[in-house]
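Below: the structure, in structure tokens.
The values are calculated or read from the model by the stated rules, or taken from the named source; none is laboratory data. Because the structure is a prediction, the values reported are computed rather than measured. Cβ atoms come from the backbone with ideal geometry, glycine included; neighbour counts cover every protein chain shown. We work out accessible area using only protein heavy atoms, side chains counted, and drop any ligands, DNA or RNA first. Shrake-Rupley method; radii C 1.70, N 1.55, O 1.52, S 1.80 Å.
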Amino acid sequence: MFEPKHTGRSIDGFTATQRESAAAVIFKKYWGKRRLAVRALEFFLRPLAWFSPPAPKTSLDDVERILVFEPGSLGDMVMLLPFLKSLRMRFPAAHLALLSRAGASNGRGYASLDYASVKTLLLDRGLVDELIPVAVPWLMHVSPWRKYNPFSLAWPRFVLALLRLRWRTFDLAFSSGRTDIRYNLVLWLAGAKRRVGYAYAGAGFLLTDVAVPDISRPHQTEVCLQLLEYMGIPAIRSGGFLTLSAKEEAESLHFLKEHGVGADDLVVGIHAGSRVASRAWGQERFLEVARRLAGEFGVKVIWFADPVDPGGEALGRNIVSASFPLGQFLAVLARCSFLICNDSGPMHMAGDLGVPVVAVFGSTFPEWFLPPGEHHRFVVRRDMPCRPCGDRCVLDEPYCLRLISVNEVMRAVERTLEDVAENFSHVEVQE
């Protein structure tokens, strides 16, 4: 049985302790009040480890039930696909459950997740066997005081839901790549026999297997895969995890033909939405980009509207607006030459489908979230000292996005057009 061990000085000259300290600052802004709060919470949580000694570690060859905690959005689920695929390949007969945020707002301010889309993305593709929804208190759309109010019923409900999982006797559990003290506590409360995560932001004593982060690989997908590498589980990075059914492909062809888009047309997708307001560059700006593409270059533009919008309205010549369920959205997106978007779920989906992206970044780092590959481009303001803010903008509006002009985005778009226009003789890009 493989048993991971901490090493001393690594090949790049950093010790494990130095890596932990660097990760705490780079990934979590772990200093000042945050560090004091974590230290105080650790003081109260440490008796949990004292009075509940861990059971003997389960051999990886004996793993039958696996729990993965990922309370993020649909884009986070897409970045988790290589991790889940790697687990499925290593444990083909194991029951793989995903513990995620509750599927809809219940009136108490919880951020919602479209479970129909998650089902299409994960369950229908056989990457997980079960979705376990839980209302996560720190993902409530309320003030920090209300999130961590000790008199609120949110936390007792959350803890009770996790304690019920102890009856499931999971053999192995992971807390995705954004591990901090809350994530480690979740794994302990769920009672998995082996609990794998990071300790750089607190409560490593609640884990059975503590991985050391590689700060030279900060992308979210890589941070997840490093947990598997630490456990000796092969990591799959080849991409192409989002497969399309014959029905979805046929529906996409019908949609394009119905709207006058032929096989020889250069098609560019634009998705202006974002679950997080501080990541949204602005619908009117994206629309200006769409009209310039359609008017100056004769490009056919697919304007991907939010599913709650009716779609289908005319936005201008050569611009088609429509909204789709996830499966058909993926099929139409796969037929685009590239996608223009925010830092959002569709960006990650395009990357997995092999569709180049031009992404507008605000509150986050492209090095953490841009899909891997040299054919993607991004536009970002590097001179904003408040970045990354964890989507908690301290200003009256996200100036990191507002200061990005349409011309700046168009320059990135035109460079991507140059890359793809050689297959479309009627498209001319001005130098």
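Can you name every residue in region 198-216 that is among the polar types (S, T, N, Q) and either open to solvent by less than 20 Å² (accessible area, probe 1.4 Å) or over 21 Å from the mean Cα position of the chain (by Cα) (or both)? Even if it seems obvious, please write down each step before you answer.
Quick first cut of region 198-216, residues among the polar types (S, T, N, Q) only: 208, 216.
Answer for region 198-216, where residues must be among the polar types (S, T, N, Q) and either open to solvent by less than 20 Å² (accessible area, probe 1.4 Å) or over 21 Å from the mean Cα position of the chain (by Cα) (or both): just Thr208.
Among the numbered criteria (1) among the acidic types (Asp, Glu); (2) in contact with an Asp or Glu (Cβ under 9 Å, 6 or more places away or on another chain); (3) in contact (Cβ under 8 Å) with a residue 40 or more places away in the chain, which single criterion is violated by Glu229?
Unmet condition: (3).
Can you list residue pairs whose Cβ atoms sit under 7 Å apart, with the first residue in region 237-252 being aromatic (Phe, Trp, Tyr) and the second being assigned to a helix (DSSP H, G or I) and open to solvent by 50 Å² or more (accessible area, probe 1.4 Å)? Count only pairs 6 or more apart in sequence or on different chains.
Close Cβ pairs (under 7 Å, with a partner that is assigned to a helix (DSSP H, G or I) and open to solvent by 50 Å² or more (accessible area, probe 1.4 Å)) amount to Phe241/Lys85.
Given the condition within 17 Å of Arg178 (Cα to Cα), open to solvent by less than 20 Å² (accessible area, probe 1.4 Å), in a loop (DSSP other than H, G, I, E, B) and out of contact with any Gly (no Cβ under 7 Å at 6 or more places or on another chain), answer yes or no: does some residue in region 354-365 qualify? Break it down stepwise before answering.
Looking only at region 354-365, we keep the residues that are within 17 Å of Arg178 (Cα to Cα), and these are 363-365.
Of the ones still in play, those that are also open to solvent by less than 20 Å² (accessible area, probe 1.4 Å) are 363-364.
Applying the additional criterion that residues be in a loop (DSSP other than H, G, I, E, B) yields 363-364.
Now narrow it down to the ones that are out of contact with any Gly (no Cβ under 7 Å at 6 or more places or on another chain): 363-364.
So far as region 354-365 goes, yes, one or more of its residues are within 17 Å of Arg178 (Cα to Cα), open to solvent by less than 20 Å² (accessible area, probe 1.4 Å), in a loop (DSSP other than H, G, I, E, B) and out of contact with any Gly (no Cβ under 7 Å at 6 or more places or on another chain).
Looking only at region 366-378, count how many residues are surrounded by fewer than 20 Cβ atoms within 10 Å (Cβ to Cβ) and part of a loop (DSSP other than H, G, I, E, B). Can you show your working first?
Within region 366-378, the first condition is being surrounded by fewer than 20 Cβ atoms within 10 Å (Cβ to Cβ), and the residues that meet it are 366-368, 372-375, 378.
From what is left, the residues that are part of a loop (DSSP other than H, G, I, E, B) are 372-375.
Summing the residues that are surrounded by fewer than 20 Cβ atoms within 10 Å (Cβ to Cβ) and part of a loop (DSSP other than H, G, I, E, B) in region 366-378 gives 4.
Determine if region 179-200 includes at least one residue that is among the small types (Gly, Ala, Ser) and outside any loop (DSSP other than H, G, I, E, B). Don't jump to the end; show me each part of the working.
Within region 179-200, the subset among the small types (Gly, Ala, Ser) is 190-192, 197, 199.
From what's left, outside any loop (DSSP other than H, G, I, E, B): 190, 197.
Yes, region 179-200 has at least one match.
If a residue must be open to solvent by less than 50 Å² (accessible area, probe 1.4 Å) and outside any loop (DSSP other than H, G, I, E, B), how many such residues does region 241-257 contain?
Residues flagged as open to solvent by less than 50 Å² (accessible area, probe 1.4 Å) and outside any loop (DSSP other than H, G, I, E, B) within region 241-257 amount to 4.
Anything in region 99-147 that is open to solvent by 60 Å² or more (accessible area, probe 1.4 Å), in a helix (DSSP H, G or I) and at pLDDT below 75? List them, or say none.
Listed by number, the residues that qualify are Pro144, Trp145, Arg146.
Condition check: touching a Pro at 6+ places or on another chain (Cβ under 9 Å), surrounded by fewer than 18 Cβ atoms within 10 Å (Cβ to Cβ) and not charged (D, E, K, R). Does Gly232 satisfy that?
On the way: touching a Pro at 6+ places or on another chain (Cβ under 9 Å): yes; surrounded by fewer than 18 Cβ atoms within 10 Å (Cβ to Cβ): yes; not charged (D, E, K, R): yes.
Answer is yes for this residue.
Is it true that Ala412 is without any contact (Cβ under 8 Å) to a residue 60 or more places away in the chain and surrounded by 21 or more Cβ atoms within 10 Å (Cβ to Cβ)? First the steps, then the outcome.
Numbers: without any contact (Cβ under 8 Å) to a residue 60 or more places away in the chain: yes; surrounded by 21 or more Cβ atoms within 10 Å (Cβ to Cβ): no.
Answer is no for this residue.
Would you pick out the residues in region 49-92 that are under 20 Å from Tyr183 (Cβ atoms), part of a helix (DSSP H, G or I) and within 29 Å of the chain's Cα centre (by Cα)?
Leu74, Gly75, Asp76, Met77, Val78, Met79, Leu81, Pro82, Phe83, Leu84, Ser86, Leu87
Of the residues that make up region 154-163, is at least one over 22 Å from the mean Cα position of the chain (by Cα), touching a residue at least 40 places away in the same chain (Cβ under 8 Å), under 19 Å from Glu130 (Cβ atoms) and open to solvent by 60 Å² or more (accessible area, probe 1.4 Å)? It would help to see each step written out before you state the result.
Initially, region 154-163 is screened for residues over 22 Å from the mean Cα position of the chain (by Cα), giving 154-163.
Okay, now just the ones that are also touching a residue at least 40 places away in the same chain (Cβ under 8 Å), so 154.
Now drop any that are not under 19 Å from Glu130 (Cβ atoms), which leaves none.
No, the conditions are met nowhere in region 154-163.
Check Ala359, Ala314, Ala322 and return the single one that is over 20 Å from Glu248 (Cβ atoms), at pLDDT below 90 and of a type in the set (Gly, Ala, Ser).
Values: Ala359 fails: at pLDDT below 90; Ala322 fails: over 20 Å from Glu248 (Cβ atoms).
Being over 20 Å from Glu248 (Cβ atoms), at pLDDT below 90 and of a type in the set (Gly, Ala, Ser) holds for just one of Ala359, Ala314, Ala322, which is Ala314.
Here's the yes/no breakdown for (1) out of contact with any Phe, Trp or Tyr (no Cβ under 8 Å at 6 or more places or on another chain); (2) buried (at least 17 other Cβ atoms within 10 Å of the Cβ); (3) not hydrophobic (A, V, I, L, M, F, W, C):
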{"site": "Val196", "(1), (2), (3)": "no, yes, no"}
{"site": "Pro218", "(1), (2), (3)": "no, yes, yes"}
{"site": "Glu222", "(1), (2), (3)": "yes, yes, yes"}
{"site": "Leu228", "(1), (2), (3)": "no, yes, no"}
